[in-house]
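Here's the structure we're looking at; comments come further down.
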Amino acid sequence: MKPMKLDKASRKIAYLLRHAPDFTDEHGYVEIGTLINAVRETYPDFTKELLDEIVRTDEKGRYSYDETGRRIRANQGHSVQVDVGLVEQEPPAVLYHGTATRFLDSIFREGLTGQTRLYVHLSKDEETAIKVGARHGKPIVLKVQAGEMRKAGYVFYRSENGVWLTKAVPVRYLSAES
């Protein structure tokens, strides 16, 4: 499969595992054969080997197989309710959120919300946040006072691939990094 088609197949996988309400089970898992057949509706030459390559090379570690290797799920980013087994964790004092400068007015009015996702995604380092922000335009990094939020009762989780998650970040806990 050509790299461009592989990228598009990866996007279809992300959509199915994160946003298709009747596609996965209550924990976000789907049988690998079911996923491959769904991708083949658009990309007939899609194989298990290509799926393995997508999972292995995804720099964000978006996907994981279950312990049997027969099912797969997205680690986070869902817009449909699933229980991926997140465990409440103590965040570091500061986390980061990458966004585009064009969203700043709205963010500093309303804070960070999950939008169509269940959680706001935060990173432990500025470099990751810059990469995330660059996907949406001219990037800017927001500094999140996660330790202060936690003291105020906000709940944090860390997904299997290290992304920090919380329901929302009020404006008072945000500052823009220059």
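Identify the single condition in (1) touching a strand residue (DSSP E or B) at 6+ places or on another chain (Cβ under 9 Å); (2) at pLDDT below 95 that T116 does not satisfy, given that it satisfies every other one.
Single failed check for T116: (1).
Please find, within segment 96-131, the residue that is farthest from the chain's Cα centre (by Cα) out of those that are open to solvent by less than 40 Å² (accessible area, probe 1.4 Å) and of a type in the set (A, V, I, L, M, F, W, C).
By that ranking, first place goes to L104.
Hey, L112 hits all of (1) over 26 Å from G33 (Cβ atoms); (2) in contact (Cβ under 8 Å) with a residue 60 or more places away in the chain; (3) in contact with a helix residue (DSSP H, G or I) (Cβ under 8 Å, 6 or more places away or on another chain) but one; which does it fall short on?
(3)
Filtering segment 7-61 down to residues that are under 19 Å from S159 (Cα atoms), among the charged types (D, E, K, R) and assigned to a loop (DSSP other than H, G, I, E, B), which residue is most open to solvent (accessible area, probe 1.4 Å)?
E59
Please specify each residue of segment 134-148 satisfying the condition of being touching a strand residue (DSSP E or B) at 6+ places or on another chain (Cβ under 7 Å) and either surrounded by 20 or more Cβ atoms within 10 Å (Cβ to Cβ) or under 14 Å from G111 (Cα atoms) (or both).
Matches in segment 134-148: I140, V141, L142, K143, V144, A146.
I need a count of the residues in segment 147-178 that are at pLDDT 95 or above and more than 18 Å from the chain's Cα centre (by Cα).
Total meeting the criteria: 14.
The values are calculated or read from the model by the stated rules, or taken from the named source; none is laboratory data. Note that the coordinates shown come from a computational prediction; the quantities given were computed from them, not determined experimentally. Cβ sites come from the backbone with ideal geometry, for glycine too, and all protein chains shown count toward neighbours. The accessibility values were calculated without ligands, DNA or RNA, using every heavy atom of the protein model including side chains. Shrake-Rupley method; radii C 1.70, N 1.55, O 1.52, S 1.80 Å.
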